[in-house]
Amino acid sequence: MANEDETVDVEEENKGIKTKKHDSGAADLEKVTDYVEDEEISGQTIGDVMKKMSDRKTKERQEKQERERELSKVKITKEDVDLIVSMVFLRGS
């Protein structure tokens, strides 16, 4: 009968440890969710960020078009190509 009482006591003690560990994890999770709730993003903030991204993309597109216009002004002649080819062959020898 003494062995049965000891077994029951050990089982109850193990349940207490498991419950304590579980409660600790729940408390940590509660801290995380509280932080996230405090840091929620408003619809206005999202709208502002989306506008900034759109403006940045538009600016990048305009800069790329300007660069393409500048590059299209550069004219390359057959003599230029021949010079480059001859330099490559001389360098490779």
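Nothing in this text is a laboratory measurement; each read-out follows from the coordinates by a stated rule. Given the structure is predicted, the values throughout are model-derived calculations rather than measurements. When we count neighbours, we look across all protein chains shown, and the Cβ atoms used for this are built from the backbone with ideal geometry, even at glycine.
Taking a Cβ cut-off of under 13 Å around MET87, the surrounding Lys, Arg, Asp and Glu residues balance to a net charge of -2, with basic ones at +1 and acidic ones at -1. Highest mean packing comes first when the peptides 67-79, 46-58 are listed by Cβ atoms within 10 Å, giving 46-58, 67-79. In this rough spin-label picture, where each label sits 7 Å from Cα along the Cβ direction, the LYS51-LYS73 distance is 3.5 nm.
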